[in-house]
Amino acid sequence: MKRDLSSDIRRQIWKLRLVNLFYGMASACMSIRLMYLDGLGLSPEMATLIMCVTMALGAVAPPLWGMVADSIRSKYRVFILTMIGSGIVCALIPVAEWLRWGGAVGAMLLVPMTNMFLVPTQSLVDASSVSAAAAQPAMDYSNLRMWMSMGFTTINFLYTPLMKALGNSSAFLVSVICVILLFTQRKTIKQYEEPVEAAPERRKKEKQPLQLSRLFKSYYLIIFLAINVLIAIPQNASQFLAYLLTDIGSDTTLVGLITACRVVAEIFILLISPKLKRFMNLPMLLVGAAVCFSIEMLGYQVAQNVVLATISFCFGGAAYGFVLSSAINYVHALCPEGLEATAVSLWLATSYVAGILVMLIGGAIVASVGVRVVYLCCLGCTLLWVALFLGMYGLGRVLKIEAQIPLFERKKR
């Protein structure tokens, strides 16, 4: 019996790995959107403006779809809709270019729409992975999320020869194929719409209305979601790598290779995170992310060659690995029952708010005083969010608000 159970768990783990892998592959096109817009002949100002709209839509879409998922009690149905939407939009982008439909106007409409569907799909995949991990300890979220990063990296490696042969828009056709692969695993999302162990008990209860106001009564959750804007700012600063390479006199075509190195560092942290969690709780893992972000930003101040820039960039990948292995679990643990998808979507949305701020303010700083000042500002944001995060616990203690996840917790070795 035990053997059958172990075999069943292994099958479930591989199903979730495939969901994360295929989503990572499908979402890889998000990394070349700015390059695609530039290839259309749009001015940098116009391309940046379209990307700001894209990020704004990425901030709004996940909470909206998350509320729909929680209100109808079905991540699965919303997942189907967002996958279909992702496939249609990614297919229309190259078709519109080849048939010359809309030109710049078509790009302005279609590129932002990728975030309307791809980003909410990620939040639903993440929410399902966390639910499964909460029900079965063998399904560690960090390990599952690592497969998403692997899919993203693999496809990005393939983009270079593909786009040279067929053009930048061919990347979106690859995403269509990957969305179809993801669609074959849709039943896995349905299986993990809620934690397996909790499902029988919840089915006995009468379904409660959504009551979004319950989310805003969680002191630690709401403050953390606000702080997450600051957490995501140094993470989004990776978009300025090309400017740094120009500043040190290096070839900007190395962006792809250096980004791959960064994701390898991210995957490494996700790989070892289960061992780290044996002696570090979630808040301490978040502090670990701050340490790595700080090293990254300080490294950029002294980097005078591509080697030091790459090493610094890899510390940013490690920092994001710490964030992925802790932040979403932290949000999931703090949110009220029945609002998991909405809470995870809000967490993802705040990251896109940070992206908008980085694109708008960072671009102006680069144009006026240089890219290294952007990284100094990011260092300041990192130190500020650590202070606010620790202060959140201090104020909670003064107000006598019990912390669901203590700041310091002795872990059993």
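Tally time: how many residues in the stretch 33-50 are closer than 25 Å to MET148 by Cβ and surrounded by fewer than 22 Cβ atoms within 10 Å (Cβ to Cβ)?
Residues that pass the stated criteria total 2.
If you go through the stretch 21-35 one residue at a time, do you hit one that is β-branched (Val, Ile, Thr) and modelled with pLDDT of 75 or more?
The answer is yes; a qualifying residue exists.
Quick check on my filter: what residues within the stretch 307-325 are without any contact (Cβ under 8 Å) to a residue 24 or more places away in the chain and out of contact with any Phe, Trp or Tyr (no Cβ under 8 Å at 6 or more places or on another chain)?
Correct list: VAL307, LEU308, ILE311.
Taking the conditions exactly as written (touching a helix residue (DSSP H, G or I) at 6+ places or on another chain (Cβ under 7 Å) and assigned to a helix (DSSP H, G or I)), does ALA327 satisfy them or not?
Judged against the criteria, ALA327 is a match.
Answer yes or no: is there a residue in the stretch 61-70 that is assigned by TED's automatic domain parsing to the domain that holds LYS187, of a type in the set (D, E, K, R), under 30 Å from ARG214 (Cα atoms) and outside any helix (DSSP H, G or I).
Within the stretch 61-70, not a single residue is assigned by TED's automatic domain parsing to the domain that holds LYS187, of a type in the set (D, E, K, R), under 30 Å from ARG214 (Cα atoms) and outside any helix (DSSP H, G or I).
Here is a check on your reading of the model: is ILE401 surrounded by 13 or more Cβ atoms within 10 Å (Cβ to Cβ), outside any helix (DSSP H, G or I) and not basic (Lys, Arg)?
Against the criterion (surrounded by 13 or more Cβ atoms within 10 Å (Cβ to Cβ), outside any helix (DSSP H, G or I) and not basic (Lys, Arg)), ILE401 qualifies.
Quick test for you: out of LEU390, LEU407, LEU348, pick the one residue that is closer than 21 Å to SER218 by Cα, in a helix (DSSP H, G or I) and at pLDDT below 80.
LEU348
Can you confirm whether SER142 is at pLDDT below 85 and in contact with a Leu (Cβ under 6 Å, 6 or more places away or on another chain)?
Yes: the conditions hold for SER142.
The values are calculated or read from the model by the stated rules, or taken from the named source; none is laboratory data. Computed from a predicted model, the values in this text were never measured in an experiment. Virtual Cβ from ideal backbone geometry, glycine too; neighbours counted across all protein chains shown.
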